[in-house]
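The values are calculated or read from the model by the stated rules, or taken from the named source; none is laboratory data. Since the model is a prediction, treat every value here as computed from it, not as a measurement. Methodologically, a virtual Cβ is constructed for each residue, glycine included, from the backbone with ideal geometry; neighbour enumeration extends over all protein chains shown. SASA here: full protein model, heavy atoms, side chains in, ligands and nucleic acids out. Shrake-Rupley method; radii C 1.70, N 1.55, O 1.52, S 1.80 Å.
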Amino acid sequence: MAGGLIALAEAQKRLLALATTKPANSVGLLEANGHILAEPLVAWRSQPAADLSAMDGYAVRAVDLPGPWTVIGESAAGRPFDGAMGAGEAIRISTGAIVPADADAVVVQEDTGIDGATLTLTGDGPARPGAHIRRAGHDFAEGALLAAAGTRVDARLIALAAMAGHGTLSVHAPVRVTILSTGDELVAPGTPLPSPAHIPASNGIMLSAMLQGLPVDITMPPLLPDRLDIIAAALADHRDADIIVTTGGASVGDHDLIQPALLQSGGTLDFWRIAMRPGKPVMVGRMGDAIVLGLPGNPVSCYVTALLLLLPLVRTFAGYQYVLPDISQARAGTTFPANGTRQDFMRAQIDGGRLFPVSSQDSGALSSLHAADALVVRAAHQPEAAPGDLLDYIALRSGA
Ligand SMILES: Nc1nc2c(c(=O)[nH]1)N[C@H]1C(S)=C(S)[C@@H](COP(=O)(O)OP(=O)(O)OC[C@H]3O[C@@H](n4cnc5c(N)ncnc54)[C@H](O)[C@@H]3O)O[C@H]1N2
Ligand code: MOO
């Protein structure tokens, strides 16, 4: 604890403990895209179900190599050869077609010459018995575990599920998130600002964009003024959401109304203020069924706290296996100062694999957030780091 502030790890633990995994629904494969598997994906069939040719050519008995052969029939994809093959006989075969039971190798077409029904080897031929044959079950066998519960469904998993015999998937229902932006100074993005005292409301759309890759139903009502009664009514109105996330009004000023509004509307406070920078004024409470996550108004603080608290909370509701951001390590490219009492998340760039802090660490400076490749994680009271020291960081750009 630092002056009544709780540590981020403790805050994450308490917040995530409030979440309950969303119930499972069976939905069509495409509808499941982006959702989280509620049950393990098990193969209902083997793939391939029989030995298939991997090439266009001729199915032969390896013992008959190097030929010549008499071609006595064809096995095409979906239309297998169902007769018997004797010594010196070959079957014309296409890629994906079933290899006749008597054959044990495929000669690729480019290695052969054909004259009427007589097939001769003109190239190297198959290197070994079994060449160019995809064995039954070599991709997966019936009953195999293909993906664990908690896996995110994507195009690759959808294809795998289809091949494994599934037409539907059991996934967790979407997480209902209401985003409330508060502040008299806010104006919807893209609309004219009445005065220099007004600013575009960037937090709401930023949070929506951060949530977009997750299975969520987002509700974003109009901007709320700094009025206790209006904010209290909005919180009460959205009590059926899984999460109400607010931005602004989380601190100690006369117009910081989230906490009083929560209490006035019948909600309860769980904790307030985390020993982190940026993001100290975060508040967590409950309003009916909803978890209320009060994020700071400063745009960078809002981003960092969303990354560390909102996204993990949504992932927990959604049934993800892993919910916290990955921590990587890289060496300092310059000196990082000794840290104070709050865990620090410093915007940094990665250059030549080394970390350099960006020039402004102001919690309102969105240009510095956009310029950053990483958030360097500095523990409370961590001493100065010299160039070359290993630092923990959270990557902000894939491939950074
Ligand atoms: N006396 C103290 N003052 C402050 C403290 C403190 O402990 N004692 N904490 C500071 C810290 S740390 C932060 S972070 C901010 C957060 O304050 P609030 O959550 O109450 O946010 P606001 O005061 O409403 O706004 C701060 C800043 O952000 C702008 N803002 C607000 N909403 C949006 C939005 N939707 N989009 C873009 N920008 C937004 C707002 O105009 C302000 O400039 O408090 C410090 N103060
Ligand atoms: O959270 Mo405040 O973020 O330190 O500016």
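Worth pointing out:
- Yes/no for residue 34 being in contact (Cβ under 8 Å) with a residue 12 or more places away in the chain, buried (at least 16 other Cβ atoms within 10 Å of the Cβ) and at positive phi: yes
- When restricted to residues that are within 14 Å of ligand 1 (Cβ to nearest atom) and either within 11 Å of residue 182 (Cβ to Cβ) or in contact with a strand residue (DSSP E or B) (Cβ under 9 Å, 6 or more places away or on another chain) (or both), the range 207-221 contains 4.
- Candidates 331, 239 - the one that is assigned to a loop (DSSP other than H, G, I, E, B), among the charged types (D, E, K, R) and more than 13 Å from ligand 1 (Cβ to nearest atom): 239
- Candidate set from the range 347-378 (those that are part of a loop (DSSP other than H, G, I, E, B) and of a type in the set (A, V, I, L, M)); member that is farthest from residue 303 (Cα to Cα): 358
- Inside the range 248-257, residues that are open to solvent by less than 20 Å² (accessible area, probe 1.4 Å) and under 10 Å from residue 227 (Cα atoms) make up a count of 0.
- Contact map, the range 96-112: residues that are within 17 Å of residue 76 (Cβ to Cβ) paired with residues that are among the basic types (Lys, Arg), Cβ distance under 7 Å, separation 6+ or inter-chain. Pairs shown: 103/61.
- Answer from 214, 193, 180, 207 - the residue that is part of a strand (DSSP E or B), outside the structural domain of residue 369 (by TED's automatic domain parsing) and not hydroxyl-bearing (Ser, Thr, Tyr): 180
- Verdict on residue 226 being farther than 20 Å from residue 315 by Cβ, free of Cβ contacts under 8 Å to residues at least 60 places away in the same chain, among the acidic types (Asp, Glu) and within 16 Å of ligand 1 (Cβ to nearest atom): yes
- Single unsatisfied condition, residue 274 versus (1) farther than 22 Å from residue 184 by Cβ; (2) within 7 Å of ligand 1 (Cβ to nearest atom): (2)
- Selection status of residue 144, surrounded by 14 or more Cβ atoms within 10 Å (Cβ to Cβ) and either in the same structural domain as residue 33 (by TED's automatic domain parsing) or touching a residue at least 12 places away in the same chain (Cβ under 8 Å) (or both): yes
- Every pair of residues 6+ apart whose Cβ atoms lie under 7 Å, when the first sits in the range 356-378 and is under 20 Å from residue 333 (Cβ atoms) and open to solvent by 50 Å² or more (accessible area, probe 1.4 Å) while the second is more than 16 Å from ligand 2 (Cβ to nearest atom) and not in a loop (DSSP other than H, G, I, E, B): 356/348; 356/349
- Looking only at the range 147-159, and only at residues there that are charged (D, E, K, R) and within 18 Å of residue 173 (Cα to Cα), the one that is surrounded by the fewest Cβ atoms within 10 Å (Cβ to Cβ): 154
- Selection within the range 278-290: residues that are out of contact with any helix residue (DSSP H, G or I) (no Cβ under 7 Å at 6 or more places or on another chain) and away from ligand 2 (no atom under 16 Å from the Cβ). The member of this set that is least open to solvent (accessible area, probe 1.4 Å) is 290.
- Matching residues in the range 258-268 - criterion: being of a type outside the set (Ser, Thr, Tyr) and either at positive phi or open to solvent by 70 Å² or more (accessible area, probe 1.4 Å) (or both): 263, 264, 266
- Criterion: assigned to a helix (DSSP H, G or I), buried (at least 19 other Cβ atoms within 10 Å of the Cβ) and within 16 Å of ligand 1 (Cβ to nearest atom) - qualifying residue of 293, 310: 310
- For residue 349, the requirement of being over 21 Å from residue 281 (Cβ atoms), touching a residue at least 40 places away in the same chain (Cβ under 8 Å), open to solvent by 20 Å² or more (accessible area, probe 1.4 Å) and not assigned by TED's automatic domain parsing to the domain that holds residue 297 is not met.
- Condition met for residue 134 (in contact with a strand residue (DSSP E or B) (Cβ under 6 Å, 6 or more places away or on another chain), open to solvent by 70 Å² or more (accessible area, probe 1.4 Å), of a type in the set (Lys, Arg) and farther than 30 Å from residue 20 by Cβ): yes
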